[in-house]
Protein chains: 2
Amino acid sequence: MREVFQQEMREVQERLVEIAGLVADSIEKATKAFNESDVTLAEEVIAEDPKIDAATVELDELAITILARQQPVARDLRIVVSALRISASLERMGDLATHIAQLARYRFPDKVVPKALRPTFAEMGRLDVEIARKLADLLQDTSNVKLAEEIHDEDDKVDALHLEVFDKVLGETWKGETVDTVDATLASRYHERFADHAVLIAKKVLYLATGDWVPESV
Amino acid sequence: MREVFQQEMREVQERLVEIAGLVADSIEKATKAFNESDVTLAEEVIAEDPKIDAATVELDELAITILARQQPVARDLRIVVSALRISASLERMGDLATHIAQLARYRFPDKVVPKALRPTFAEMGRLDVEIARKLADLLQDTSNVKLAEEIHDEDDKVDALHLEVFDKVLGETWKGETVDTVDATLASRYHERFADHAVLIAKKVLYLATGDWVPESV
């Protein structure tokens, strides 16, 4: 029974890695679409989000089937519950990438943010992509504490850039129109929440490696 | 066994109702603090959020214990998984109420939004409070389809008001400063996400009543 459980959990893990890969592709395209005003890429992200949603629903069904058939207890049970939590966060990360792509599409052919903010968003986007790639790696190599720490550190950088966006927008040199202010505020929030979810997932994965149960709130 | 399960699930349900009540209190105080620039009330919301977090963590532990001890299958299993999902959304609703309270605190003694937007936010806040109260009632009376529909309809109204905020901010008569634009954008987003989570929960509860399993994505 235990062996079957472990085999089924490897399947869960593979699917989580796969979904994290889709999310990483999605945020990579979304931030490129956002920074370069590439409407085709933006539409690709928007069109592909239902695939991420469907993959997480399938994964949840698999996890529930494992709970029903294998009746795991103790640590095994918590691993399955963690998988359900991770799936929910990945689904949300896909939504946030889509929101970033939608901003790019709405403003096309204009760029979403004025020149003064572009380097900040380019760096936020780069960090979000890197975080997502590392997250996929961490889901593959769950005992890699270093990767989890890197995700955590990069999230700190995203938070600092999020504050930098507000500093620039509220600074005296800001020349953006109101629509620029609205879009920069939303875009910055989406980038920041995306990284938050990655940290949440990394904490759960660390639990799988270390046995320290991490509650839901981050 | 089944009887024990049902008794334990009543305990889960009671706790969900209780947490939803805390969330409703929190959004009621947060929107009042936001609309009336009441910093004492804002600080109360911020100080009390850890209680909601702790209550959801305890609930999750109870649900996991039930999974381990009762080994539910089929519909019973899905009910426990739904409870975990509902708990996560309630925790997030508490966070969003706290974010609204934080905006009120940052801007004190000023009001967060200029006069032109106050009626819109007053109405959004009123709807969020009503949605949260109805959600607590629905968690108590899970077969009340009418309540779930009302939550859904009120969420549609919140979405419309969310768009109205952008229309006003981007309209020609908008006289707000950049900081007003930023705060209105964030506040509107928080109000809108709060109602989204309520709809997500209502869908899960309807499943408990009707047996139609609702996947995670909303």
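The values are calculated or read from the model by the stated rules, or taken from the named source; none is laboratory data. Note that this is a predicted model, so its numbers are computed, not measured. A quick note on method: Cβ atoms are made from the backbone with ideal geometry, for glycine too, and the neighbour counts reach across all protein chains shown.
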Going through (1) at pLDDT 95 or above; (2) buried (at least 18 other Cβ atoms within 10 Å of the Cβ); (3) at the interface with chain A (Cβ under 10 Å from one of its Cβ atoms) one by one, B:Arg78 fails only at (1)
Among B:Asp110, B:Asp128, which is under 30 Å from B:Asp167 (Cβ atoms), more than 9 Å from every other protein chain (Cβ to nearest Cβ) and modelled with pLDDT of 95 or more?
B:Asp128
Take B:Ile86 and tell me if it is assigned to a helix (DSSP H, G or I) and either in contact with a strand residue (DSSP E or B) (Cβ under 6 Å, 6 or more places away or on another chain) or within 14 Å of chain A (Cβ to nearest Cβ) (or both).
yes
Only listed residue being part of a helix (DSSP H, G or I) and closer than 28 Å to A:Ala63 by Cα, chosen from B:Ala20, B:Ala33:
B:Ala20
Answer yes or no: is there a residue in segment B:1-22 that is over 19 Å from B:Ala198 (Cα atoms) and under 17 Å from the mean Cα position of the chain (by Cα).
no
Going by what's in this entry, would A:Lys32 be described as in contact with an Asp or Glu (Cβ under 7 Å, 6 or more places away or on another chain) and at pLDDT 95 or above?
yes
Hey, can you tell me all the residues within segment A:90-100 that are in contact with a Leu (Cβ under 9 Å, 6 or more places away or on another chain) and either facing chain B (nearest Cβ under 7 Å) or surrounded by fewer than 23 Cβ atoms within 10 Å (Cβ to Cβ) (or both)?
A:His99
Output the number of residues of segment B:52-95 satisfying the condition of being of a type in the set (Asp, Glu) and under 17 Å from the mean Cα position of the chain (by Cα).
3
Single match in A:Val165, A:Val182, A:Val199, A:Val158 (criterion: over 24 Å from B:Met93 (Cα atoms), of a type in the set (Val, Ile, Thr) and either more than 12 Å from chain B (Cβ to nearest Cβ) or not in a loop (DSSP other than H, G, I, E, B) (or both)):
A:Val165
Within the set of pairs 6 or more residues apart or between chains, which connect a residue that is within 30 Å of A:Asn35 (Cα to Cα) and basic (Lys, Arg) inside segment A:76-103 to a residue that is assigned to a helix (DSSP H, G or I) and modelled with pLDDT of 95 or more with Cβ atoms less than 6 Å apart?
A:Arg92/A:His197
Quick check: anything in segment B:122-131 closer than 30 Å to B:Val81 by Cα and β-branched (Val, Ile, Thr)?
yes
For segment A:42-75, the count of residues that are at the interface with chain B (Cβ under 9 Å from one of its Cβ atoms) and among the polar types (S, T, N, Q) equals 2
By residue number, the members of segment A:28-42 that are buried (at least 17 other Cβ atoms within 10 Å of the Cβ) and charged (D, E, K, R) are A:Glu28, A:Lys29, A:Lys32, A:Asp38
Report every pair of residues separated by at least 6 positions or lying on different chains whose Cβ atoms are under 7 Å apart, first residue within segment B:115-129 and in contact (Cβ under 8 Å) with a residue 60 or more places away in the chain, second part of a helix (DSSP H, G or I) and among the charged types (D, E, K, R).
B:Ala116/B:Lys168; B:Leu117/B:Lys168; B:Leu127/B:Glu154; B:Leu127/B:Lys157; B:Val129/B:Glu28
